[in-house]
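Below: one structure, written as structure tokens.
The values are calculated or read from the model by the stated rules, or taken from the named source; none is laboratory data. It should be emphasised that the depicted structure is a prediction, and the values quoted were computed from it without experimental measurement. All Cβ positions, glycine included, derive from the backbone under ideal geometry; neighbour counts span all protein chains shown.
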């Protein structure tokens, strides 16, 4: 069924974007595609490969193993939606980081993360996603300012960059 993420376990999520149109639908479709590609890369990873520290020289604790990368990706994915929610008047706290012990748990959480984002947009269909007024942009905790469209684009590229990083980590462990 169009609009669903098919995870590598051949289960379909209940996520559709039938109510969305235009740029938001296009961005969410690309976000789903990036997440599906990530899930396809991580599906064959065993628990040892998941937790093995591959980069012990990095100063970034989120980039030491596939497990820390996936934990970061899920945490950030929820964070992007919460930034947007808070920009329209909500007062939500970021979710805490949760470390999972196997790939299937990460796949389920990636699906839940996307569903959270999609549900937000289905419930807020009249958002101005492009914003040229700097005072109306969303300021992240790292200081960058985005409008909603730019933040969603960042979320997509964030998945793509870390998918590539995980592919490199897999090669380092297997060869």
- Query: Which of the residues spanning segment 8-25 are surrounded by 14 or more Cβ atoms within 10 Å (Cβ to Cβ) and at pLDDT 50 or above?
  - Reply: 20, 24, 25
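Taking the conditions exactly as written (surrounded by 12 or more Cβ atoms within 10 Å (Cβ to Cβ), over 27 Å from residue 88 (Cβ atoms) and at pLDDT 95 or above), does residue 111 satisfy them or not?
Values: surrounded by 12 or more Cβ atoms within 10 Å (Cβ to Cβ): yes; over 27 Å from residue 88 (Cβ atoms): no; at pLDDT 95 or above: yes.
No: the conditions fail for residue 111.
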- Query: In segment 88-108, which residues are surrounded by 16 or more Cβ atoms within 10 Å (Cβ to Cβ) and under 17 Å from residue 62 (Cα atoms)?
  - Reply: 100, 103, 106
- Note on residue 41: of the conditions (1) under 19 Å from the mean Cα position of the chain (by Cα); (2) closer than 25 Å to residue 131 by Cα, unmet is (2)
- Item | Output for segment 50-74, where each listed residue is in a helix (DSSP H, G or I), buried (at least 18 other Cβ atoms within 10 Å of the Cβ) and either in contact with a strand residue (DSSP E or B) (Cβ under 9 Å, 6 or more places away or on another chain) or without any contact (Cβ under 8 Å) to a residue 40 or more places away in the chain (or both) | 50, 67, 68, 71, 74
- Task: Kindly indicate whether any position in segment 96-116 is on the phi > 0 side of the Ramachandran plot and either assigned to a loop (DSSP other than H, G, I, E, B) or under 12 Å from the mean Cα position of the chain (by Cα) (or both).
- Result: no
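Suppose the filter is farther than 15 Å from residue 38 by Cβ, in a helix (DSSP H, G or I) and under 16 Å from the mean Cα position of the chain (by Cα); does residue 82 pass it? Lay out the reasoning, then the answer.
Working: farther than 15 Å from residue 38 by Cβ: yes; in a helix (DSSP H, G or I): yes; under 16 Å from the mean Cα position of the chain (by Cα): yes.
Here the answer is yes, as residue 82 does meet what is asked.
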